[in-house]
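The values are calculated or read from the model by the stated rules, or taken from the named source; none is laboratory data. None of the values given here were measured: they were computed from a predicted structure. Virtual Cβ from ideal backbone geometry, glycine too; neighbours counted across all protein chains shown. Ligands, DNA and RNA are excluded from the accessible area calculation, which covers all protein heavy atoms including side chains. Shrake-Rupley method; radii C 1.70, N 1.55, O 1.52, S 1.80 Å.
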Amino acid sequence: MRLCIMRNTEGRTTVQPHDSITPKSNITAPETLYIYMKWTDRIHHVKIILVVAAVLIAVASLVVSDSLVRELKAEERNKMEVWAEAMRSLNTADETTDLNLVLKVINENNTIPVIVTDAHGNVQTFRNLEISGKSLEDSLDEAGTMGQRLLDEGKAIRITLDENAKDGYINVCYDDSVMLRRLAAYPYIQLGVVMLFVVVAIFALLTSKRAEQNKVWVGLSKETAHQLGTPISSLMAWVEILKETYPKDTLIPEMDKDMKRLELIADRFSKIGSLPEPVPTSLTEVMDHVIEYMDRRTSQKVKFIKNFPESDINVKINASLFEWVIENLCKNAVDAMEGDGTIMLSINQNTEKTIIEVADTGKGIRKKDLRNVFRPGFTTKKRGWGLGLSLAKRIVEEYHKGRIFVKSSEPGRGTTFRIELRK
């Protein structure tokens, strides 16, 4: 039977059955968490698939383009060998030589940059070059410099004109055509476009994931607050009955404290589903309240040490939610120490931010787990949902615009969590 508290006109409290129970939603809190975990895993797999697909496309594009570039380079060299032969024929021609075919070969080269130099490096002619010289002499000097560079790079064909003369040859220096250079650069441009697509796709997925995460948090929190609300009301009614029936019982006030604690927890869950407004609050009082609560509910082998400044520090926080963050860190510390050790809570302040640290002497966190400690559902405990630290991160970073992270952790020696709040 469920009960509700009623007050009459004389101010006397009465308790009556309460049958008007709000219907439950179709999806329970554990099911909501399970759906969120499946969604998170799916997003992770999609990101991996996108990255792998991008890498495969890029590698395939580079291989195909490199093959085409090699073939075109070989073809252009063959063309330049023919062109060089045409230049040799032109230089050794006499009055009876038919130069129609030679001139046709030479004039049909409209794409491949070419520079012809003699044995002393003097430019005889050039074609298809972008020369910025203002005069013929400047153009020849610039072409000579380019020809020497191509000669050093091995992009030249030597044509012998007179075998008896030491300097009886010319060098036909050539560079890659514009088309070949574009084709060589194309795969890198394509790679950039593919990577841009992957980045945009991942950003869209993360944005969608974040929106879905917010919906899950709100739904989970409201569902939890709703599920707690009705039994808490009934328990409050029973406490009122016990107060009136056994007014001198010393245990009833303690039960009342626990009831208020349950009310506070339900209130916290309801605030997670909304956007609470931070107000200036004494951080020292908040921390003292958490230490007092935890000290009464943990083993005597667990020692709490305070390292607070003498002067009080006021920060803009939601006290109820921020207490929850510190409680979660302390509970994790107690679990890590297995009920025996020391927890040090520190508060420091500089010109830009307020720093809170919670350090324990527990078993520490493995390096491979550090990146996952704030991920919803991640836990190393046999029992638990793995939501404590993810809730703490959400409260600190989204509601208080701060930062929470693992400052240090060493297996066998302990872990230190740090919270930074902007002033």
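Miscellaneous remarks
- Count of segment 230-246 residues, restricted to those that are open to solvent by 40 Å² or more (accessible area, probe 1.4 Å), out of contact with any His (no Cβ under 9 Å at 6 or more places or on another chain) and in a helix (DSSP H, G or I), is 10.
- Conditions (1) modelled with pLDDT under 80; (2) open to solvent by less than 60 Å² (accessible area, probe 1.4 Å); (3) in contact with a Ser or Thr (Cβ under 9 Å, 6 or more places away or on another chain): number failed by Ile21: (2)
- Test: residue in segment 350-359 that is more than 21 Å from the chain's Cα centre (by Cα), open to solvent by less than 30 Å² (accessible area, probe 1.4 Å) and farther than 25 Å from Leu264 by Cβ: yes
- You will find that of Ile106, Ile112, the residue that is under 60 Å from the mean Cα position of the chain (by Cα), modelled with pLDDT under 85 and open to solvent by less than 90 Å² (accessible area, probe 1.4 Å) is Ile106 and no other.
- Contacts under 7 angstrom Cβ, first residue in segment 310-330 being over 24 Å from Val406 (Cβ atoms), partner in a loop (DSSP other than H, G, I, E, B), 6 or more apart: Lys316/Pro278
- Whenever a residue of segment 172-197 is open to solvent by 100 Å² or more (accessible area, probe 1.4 Å), its partners that are in a loop (DSSP other than H, G, I, E, B), lying with C-beta atoms within less than 7 angstrom and at least six residues away or across chains, give the pairs Met179/Thr111.
- Flag for Lys104 being out of contact with any Asp or Glu (no Cβ under 8 Å at 6 or more places or on another chain), of a type in the set (D, E, K, R), farther than 16 Å from Glu76 by Cβ and assigned to a helix (DSSP H, G or I): yes
- Taking the numbered list (1) without any contact (Cβ under 8 Å) to a residue 40 or more places away in the chain; (2) closer than 20 Å to Asn109 by Cβ; (3) under 47 Å from the mean Cα position of the chain (by Cα) in turn, Gly147 passes all entries but (3).
- Exactly one residue among Lys316, Lys363, Lys301 is open to solvent by 80 Å² or more (accessible area, probe 1.4 Å) and within 19 Å of Lys423 (Cβ to Cβ), and that residue is Lys316.
- Lys368 vs. criteria open to solvent by 30 Å² or more (accessible area, probe 1.4 Å) and within 18 Å of Leu283 (Cα to Cα): no
- The residues of segment 316-349 that are over 21 Å from Glu285 (Cβ atoms), of a type in the set (S, T, N, Q) and not in a strand (DSSP E or B) amount to a single one, Asn332.
- Consider segment 35-76 and keep the residues that are surrounded by 14 or more Cβ atoms within 10 Å (Cβ to Cβ) and not hydrophobic (A, V, I, L, M, F, W, C). The one that is modelled with the lowest pLDDT is Tyr36.
- Residues of segment 58-110 classified as closer than 19 Å to Cys173 by Cβ and among the small types (Gly, Ala, Ser), total: 4
- Condition met for Thr298 (over 20 Å from Leu391 (Cα atoms), touching a residue at least 24 places away in the same chain (Cβ under 8 Å) and assigned to a helix (DSSP H, G or I)): no
- Filtered residues of segment 319-348 (kept if surrounded by fewer than 16 Cβ atoms within 10 Å (Cβ to Cβ) and within 16 Å of Glu420 (Cβ to Cβ)): Asn348
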